[in-house]
1. Do the conditions hold for Arg16, that is, is it touching a Gly at 6+ places or on another chain (Cβ under 7 Å), surrounded by 15 or more Cβ atoms within 10 Å (Cβ to Cβ) and either part of a loop (DSSP other than H, G, I, E, B) or not polar (S, T, N, Q) (or both)?
2. Between Ser13, Ser47, which is modelled with pLDDT of 90 or more and out of contact with any helix residue (DSSP H, G or I) (no Cβ under 7 Å at 6 or more places or on another chain)?
3. Scan segment 31-67 for residues that are in a helix (DSSP H, G or I), surrounded by fewer than 15 Cβ atoms within 10 Å (Cβ to Cβ) and without any contact (Cβ under 8 Å) to a residue 12 or more places away in the chain and report the count.
4. Within segment 19-30, track down each residue that is open to solvent by 40 Å² or more (accessible area, probe 1.4 Å) and either in a loop (DSSP other than H, G, I, E, B) or basic (Lys, Arg) (or both).
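The values are calculated or read from the model by the stated rules, or taken from the named source; none is laboratory data. A quick note: this is a predicted structure, and the numbers were derived from the prediction, not measured. Counting neighbours? That spans all protein chains shown, and the Cβs are built from the backbone with ideal geometry, glycine included. Ligands, DNA and RNA are stripped out before the accessible areas are found, and what is left, the full protein with its side chains, is counted by its heavy atoms. Shrake-Rupley method; radii C 1.70, N 1.55, O 1.52, S 1.80 Å.
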Amino acid sequence: MERQRHPHNQLKSAMREYLGTLGGGHASIAEIKQSVEPTLGVVADSSYRSALQDERYFERVARGVFRLRE
């Protein structure tokens with residue numbers, strides 16, 4: 001199955017929305033991916049890692065674990 005390209009920032013927005021439901025809690029990349037896949041479908045793992053590098057929105061808590069920046 002060929003991957004579909006998504007509009008710019010759609011993945012980042014979906015991740016922010018999911019992390020926002022955690023009330024300041026954190027989630028692993030696998031948990032984030034699991035929550036976003038039903039909406040966006042298959043997205044390359046590198047796209048998740050790349051989007052999570054945006055320090056304006058995401059804060060790394062531990063290796064592979066992130067939360068929304070306050």
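1. Numbers: touching a Gly at 6+ places or on another chain (Cβ under 7 Å): no; surrounded by 15 or more Cβ atoms within 10 Å (Cβ to Cβ): yes; either part of a loop (DSSP other than H, G, I, E, B) or not polar (S, T, N, Q) (or both): yes.
For Arg16, the condition - touching a Gly at 6+ places or on another chain (Cβ under 7 Å), surrounded by 15 or more Cβ atoms within 10 Å (Cβ to Cβ) and either part of a loop (DSSP other than H, G, I, E, B) or not polar (S, T, N, Q) (or both) - is not met.
2. Ser13
3. Looking only at that region, the number is 5.
4. Thr21, Leu22, Gly23, Gly24, His26, listed by residue number.
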